[in-house]
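First comes the structure, then the notes that go with it.
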Amino acid sequence: MKKRKSDLAGASVIVSPPAFPTPGNRIFGRIGTALSASRGYPLRNLDFARLMGQSESTTSHWFGVGPQPHVVSCFCLLEQLLPAERHRLIDALCRELPLIDHPRLRHNPAVVTAMRHLLTQSTGLTLIVGGTDEQRTFLTAALGQSFCRNDRLHRTAAGMDLHEPDWFAPIETMLYFKGPAEPTKVREAVRCNWAQIMNSKQPLILLNGIWSALPELRNDVLCLATQRHVIVADQQIAVPRTALDTRHPRHTLSVSTSRENSNWIVIQTQV
């Protein structure tokens, strides 16, 4: 008959597997510390909650108290893999984090510097055109993810992206859509949530795929560009030069594939 743990001789000094030394709340804490260091500024529980899609109270519990055995169990399984296998698995499960200094973009340091300066713009319209749908989505996400890291107050972007973030890390304060979806359902969902975008207090608005999907909202987009910096991504975007006056800057980022490396995104800027 199997003995219970309390019946084992010398049970007070015997440790039973998995005997993982770090409780779950400390694992969360160490990941949070690393994330804050990576961004260059301290993140709050509210920030972690938004990133994880959890309530602030749940996040406070996960980071603050309790051993969180499910997290510990996950690490107990991961440590049974050889380092190379473990890194491969984690990398495969994590979505890509687009940033303006990502290898796909930083092959041209001058363009990276120009985009970093672009993110300081308080009003105006930036258009992302050309290239593939995936390239435009990557660049839009890279600008949004980089904004909070470069902004003096570390504010986040708002907006809508008609793409599902199944391969890239989403911006926690944006709205995304499941795809592929019927155009009529997409239009209905955009209209239902459009007031949230128009009334947003975020200084940067990102709109990916909205321009061609809902032409009736274009005047609203131009109106927003007189109050915030609006970045619009679509295959083709025609905006009259007189749509915005000179007080509100206008830029066009034309994307294409590099001839040197098919994974690189080439960006040509036009004011």
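Within segment 155-261, the trypsin sites (Lys or Arg not before Pro) that combine a DSSP coil assignment with at most 13 other C-beta atoms in a 10 angstrom radius are LYS178, LYS201, ARG247, ARG259.
Whole-Hz Karplus values for segment 257-267 come out as 8, 5, 6, 7, 8, 5, 8, 6, 9, 8, 10 Hz, taken residue by residue from phi with 6.51 cos²θ - 1.76 cosθ + 1.60 and θ = phi - 60°; glycine and proline positions read x. Using the Cβ of LEU162 as centre and a radius below 14 Å, the other residues enclosed give a net charge of -3, where K and R count +1 and D and E count -1.
Once the Cβ-Cβ distance of SER55 and ARG30 is raised to the sixth power relative to R0 = 30 Å, the FRET efficiency obtained is 0.85. Taking a Cβ cut-off of under 12 Å around THR123, the surrounding Lys, Arg, Asp and Glu residues balance to a net charge of +2, with basic ones at +1 and acidic ones at -1. The alpha-carbon atoms of the chain, seen along their principal axes, cover 86, 43, 39 angstrom, with the largest extent given first. Angle of helix 83-93 to the longest C-alpha principal axis of the chain, folded into 0 to 90 degrees and rounded to 10: 50°.
Taking a ≥ b ≥ c as the square roots of the Cα gyration tensor eigenvalues, with a/c under 1.5 meaning rounded and otherwise prolate when a/b beats b/c, else oblate, which class fits segment 50-90? It comes out oblate by the Cα gyration axes.
Taking other residues whose beta carbon is less than 14 angstrom from the beta carbon of GLU134, and scoring Lys, Arg as +1 and Asp, Glu as -1, yields -3.
Entry note, the chain: relative contact order of 20 percent, from Cα contacts under 8 Å with a spacing of 6+ residues.
Take segment 1-154, compute every pairwise Cα distance, and split them into 10 Å bins from 0; I just need the percent in each bin. In order of increasing distance, the bins hold 8, 25, 28, 20, 10, 4, 3, 0 percent.
Three principal axis extents describe the C-alpha atoms of segment 17-93; from largest down they are 34, 26, 19 Å.
In a fully extended conformation the segment linking SER262 and LEU77 would gain 63.0 nm over its present Cα-Cα distance, using 0.36 nm per residue. Full extension of the chain segment joining ARG106 with ARG155 gains 15.3 nm, where the gain is 0.36 nm per residue of separation less the Cα-Cα distance.
Every number here is computed from the coordinates shown, using simple stated rules; none is lab data. Not measured: the values here are computed from a predicted model. Quick reminder, even Gly has a Cβ in these numbers, built from the backbone with ideal geometry, and neighbours come from all protein chains shown.
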